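Undergrad: The structure's right below; bear with me while I get my questions together.
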C-alpha cells in the first residue's frame, strides 16, 4: 500500500502540490483539476507546464480523473407531455444529455487515453453515469456497453479503466459496483474503491462492500463521511468508514497499489496533511497487526 495524493486537494497548481507532497515524503500523485480546468482539457500552456513539472520533480502519476461519464445516462427516448412547451423542454434536456455522452465517448475518452500515456499514468478513473434521480439497482444495458467500449479502448493503449464508486451513480455500493464491472466482462475494467462514497449511498463499505469487490480494486480513495438518520451526510476528517478494518483487510489481501488522499475539506493543505498522517498511521498499524496474531497479550 502506497500513499498518494490527488493534486488538487492540495493546490490547483500542480507544481505546488508536487513540492508539498515531496516534502511530506509522497512521490505518487493522481491528477484531476489543474487551476480552473480538469485534465485532459487544458490549454496548451497549462499542459506544457504540467508535463514539465512531472518530469522536473520526478514524480509518478498513478491515475488521472477526467470526469469521464460523470453525467446522466439518457433514457431511450425523451419524456413526454401534452403541453407543447413542456414537451419541448423534455426533448431539449434529453438531446443535451445524449450530446454530452457522445462528447465523452468520441472526444474525452481518446483525449484522456492520450493524456494518461503522456504523463505515464496506468489508470484512467471513470464514472458509471448519474442515475439522475432513479432508484439504485442494475445499470441499464447502455451503461454497460459504453463502459465496455471505453475499457477496450484503454486496453488497446495499454491502460486500465477504473470505475469509481460514487453516490447517485449506477456503481454506488460495493456490490453494485462489482456487478456492473462483472457484467462488462473486460479484464481492463476494474474499480477505484471509494468507501466514503459507498457509505453515503447506504453501503456498509467495510466489511460488506469491500467483500463484494476486493478482487477488482486497483486504486483507493481515502476520505471519510458520516450519514445521519434523516439521510443527510457530510464529509469529515474522521467519520463512519471503518478505515482501520479496511486498511487491515487491504494489507491482508496483499494490495500493493496506491491509496490516494482525497479529504475534500478546507483548509486544503492542513486537511490533506492531516489525512496523510492518519493514513500512514493506519498502514503502520495494519503492518504490525500480523505480528501479534497468535501471541498472548
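Undergrad: Taking the DSSP beta bridges in the chain as the whole, what percent of them are antiparallel, to the nearest 5?
TA: The antiparallel proportion sits near 20 percent.
Undergrad: Give the separation of the Cα centroids, the stretch 218-278 to the stretch 85-142, in Å.
TA: 26
Undergrad: Using Cα pairs closer than 8 Å and at least 6 residues apart in sequence, work out the relative contact order for the chain, in percent.
TA: Answer for the chain is 17 percent.
Undergrad: Same structure again: Scaled to the compact-protein estimate 2.2 N^0.38 Å, what is the alpha-carbon radius of gyration of the stretch 1-94, rounded to two decimal places?
TA: With N residues counted in the stretch 1-94, Rg over 2.2 N^0.38 Å equals 1.61.
Undergrad: How large is Rg/Rh for the stretch 2-289, to two decimals, with Cα atoms and a Kirkwood Rh?
TA: 0.98
Undergrad: With angles folded into 0 to 90 degrees, how steeply does helix 141-156 sit against the dominant principal axis of the chain? Use alpha carbons for both and round to 10.
TA: Result, in degrees: 60.
Undergrad: While we're on this one: For the pair residue 114 and residue 135, what calculated FRET efficiency results from E = 1/(1 + (r/R0)^6), where r is the Cβ-Cβ distance and R0 = 25 Å, to the nearest 0.05?
TA: Efficiency at R0 = 25 Å is approximately 0.10.
Undergrad: Ok, one more. Show that you can apply the helix-only estimate: for the chain, add -39,500 (n - 2.57) for every DSSP H stretch of four or more residues, divide by all residues, and state [θ] at 222 nm to the nearest 500.
TA: -13500 deg cm²/dmol
Undergrad: Rounded to whole Å, give me the distance from the Cα center of the stretch 17-65 to that of the stretch 143-210.
TA: One Cα centre to the other: 24 Å.
Computed from the coordinates by the stated procedures, all read-outs in this text should not be read as laboratory data. This is a predicted model, so every value here is computed, not measured. Ideal geometry is used to build each Cβ from the backbone, glycine not excepted, and the neighbour counts take in all protein chains shown.
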